[in-house]
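The values are calculated or read from the model by the stated rules, or taken from the named source; none is laboratory data. On a predicted model such as this, the values are computed, not experimentally measured, just so you know. Glycine gets a Cβ as well: all are built from the backbone with ideal geometry, and neighbour counts include every protein chain shown.
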Amino acid sequence: MYLHPLRLHARNGHNPPVVLWSRYEMRGSLAILLSALLVSVAIGDLASRYVGPVVPYLPAATGQESEGGLLNDAGTGGDAGDSRSSASLLMGFGLYEAGHIGMDIDWYRHPPALDDVACVRLAASGASINDRILEAGPWSLSSMDTPTVMGVAVASLGDSYVAFNDARPHQGVAEKYSFETRKVATTMVGGDGGSGGDAGSKPSEAVPLMDGCTTGALTNGPDNVDLYSFRARSGDRLVFTLGVDDSASAWFALIGPDGGEVSVAEAGESIAHHVEEDGKWYLAVANTDNRRSTTETVTATTAAGAELDGDSGSLPYVIGACRPLCLLTVS
């Protein structure tokens, strides 16, 4: 049975009537509304089974507010240490990814290596890097030039450190960088400079010097001087180190494009030079007993045949090279 709505008029008779529904029709309307809600819930539950639960929208956190969540420097789970004393431990030599937030410096540490004589090589890339540091033994190398490959050789490889500095603010946005560290030991000798053979003692027989670390071995006989070549330009800052076994001795010399001796040092020491002349440069390595004028050594047909220590008649060595733009600090 259809029930008309009740109409109530205002007492003055001029205002429009107010419509009130009877209680039966109100119950009917509520029933319809409840049914619609149940259908909506059922559809939503069905959709969630295939699409997944609805995730509420949350505003993204800024880098500064969640630095530990955004940064995972070299797999450390957060931001690397900001000083040498708080350097984050690296699990091994290899390729790593990291990031900077704002004005930040990241320090990392390699534990002592098993090999006595070795060279540590560092290469890095990333727009956020202003300065890079490589430390091993008494040597600390730094460079502001991104393409520079750094290498330092020591007779006994203890703790070694690498660090990356970003001196520019980034408004709390993380900027990524990557770096690769290698340990090159004298046991990895595959011929002088990876040539598979012996580096000669004349400029025409020189082997190209590798970036970062170069291994070789001096042998007994008439040719026990190894000569390496590389290109340098005016303004370059070169740093070389030489590592041999503690019980042995050797020397190395930097030779200019004119064949003249520029600097000489013994293994365990360093050569640092500011280049003022473009051209082809050379680095000579020999054992101490064979020390004489480098100019004569590299231009002579044969070098003096001094006997080398050891039953094998050879002296393995590794050269650390940092070029083209490096600065050296001795601790």
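For this structure, a couple of remarks:
- Asp278 modelled with pLDDT of 90 or more, of a type outside the set (Gly, Ala, Ser), exposed (fewer than 15 other Cβ atoms within 10 Å of the Cβ) and not assigned by TED's automatic domain parsing to the domain that holds Ala123: yes
- Any hit, the range 107-119, residues being over 24 Å from Gly243 (Cα atoms), in contact with a Lys or Arg (Cβ under 6 Å, 6 or more places away or on another chain), at pLDDT 95 or above and crowded, with 21+ Cβ neighbours inside 10 Å: yes
- Qualifying position, being assigned by TED's automatic domain parsing to the domain that holds Leu254, at pLDDT 90 or above, buried (at least 19 other Cβ atoms within 10 Å of the Cβ) and touching a Gly at 6+ places or on another chain (Cβ under 8 Å), among Gly137, Gly212: Gly212
- The residues listed here are Met150, Met103; of these, the one that is among the hydrophobic types (A, V, I, L, M, F, W, C) and modelled with pLDDT under 95 is Met103.
- Matching option when the condition is among the hydroxyl-bearing types (Ser, Thr, Tyr), modelled with pLDDT of 90 or more, within 28 Å of Thr329 (Cα to Cα) and buried (at least 19 other Cβ atoms within 10 Å of the Cβ), among Tyr177, Tyr161: Tyr177
- Any pair with Cβ under 7 angstrom, 6 or more apart, that starts in the range 253-270 at a residue that is under 14 Å from Tyr317 (Cα atoms) and ends at one that is in a loop (DSSP other than H, G, I, E, B): Glu266/Ser249; Ala267/Val244; Ala267/Ser249; Gly268/Ala155
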